[in-house]
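Below: the structure, in structure tokens.
Every number here is computed from the coordinates shown, using simple stated rules; none is lab data. As the structure is a computational prediction, the values presented were derived from the model and not from experiment. Every residue, glycine as well, gets a Cβ built from its backbone with ideal geometry; the counts of neighbours run over all protein chains shown.
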């Protein structure tokens, strides 16, 4: 009875197969792709192997005359291994998946990322890169994921995602904003102190926001044993350029 040997498909096995089919040496492949032959050898032959970037994979796809997105379904293993995530590889991969329409790959990665709430920051970074490089429509699903997954509705990620989503759906740029076309971000924060050692202060915050330039108004009020001991009025205006570049203003 004939025994059929099966080989698990992997990025490296597929690259190796295409090298042999085309009769290339690593030196020749390096010449055609612009990837250092030493790096190619480490990617294919080292143990453990050197990680391949999504840019290198795209370059090899062109050399082998493959369609954009070649082997993308296998690439998550380059980014997520044994519970550890490589942001420098994963973020460009998700951006590229969005650019070429590989939603299937995005869905697989997102389901793994959302197992840990801390990974929402990765989705936010992807959305920001797409938004800032002209891919506003492509950024929409990522901002929506951030809004749905972010537990703190007062966080910068949540608030910025709300705004970016609004702008992306409107199809206009925040660089055109001005103070008259403004958003109001109203903050009221009241801090209650018990006056007893060992009992932490409790803080209550309310935030209201709308649509375009940023204005923070309200009062920071401190109470001690039910008495107001300090109250500071806040009225600060920001342009969106200032706000999103994190240039702070004194309250």
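Provide the packing ranking of 41-48, 133-140, 113-120, i.e. peptides ordered by the mean count of other C-beta atoms within 10 Å per residue, highest first.
133-140, 113-120, 41-48
Relative contact order for the stretch 16-147 using alpha-carbon pairs under 8 Å, separation at least 6, rounded to a whole percent?
14 percent
Subtract the Cα-Cα distance of residue 111 and residue 59 from 0.36 nm times their separation in residues, and report this length gain in nm to one decimal.
Between residue 111 and residue 59, full extension yields an extra 15.9 nm.
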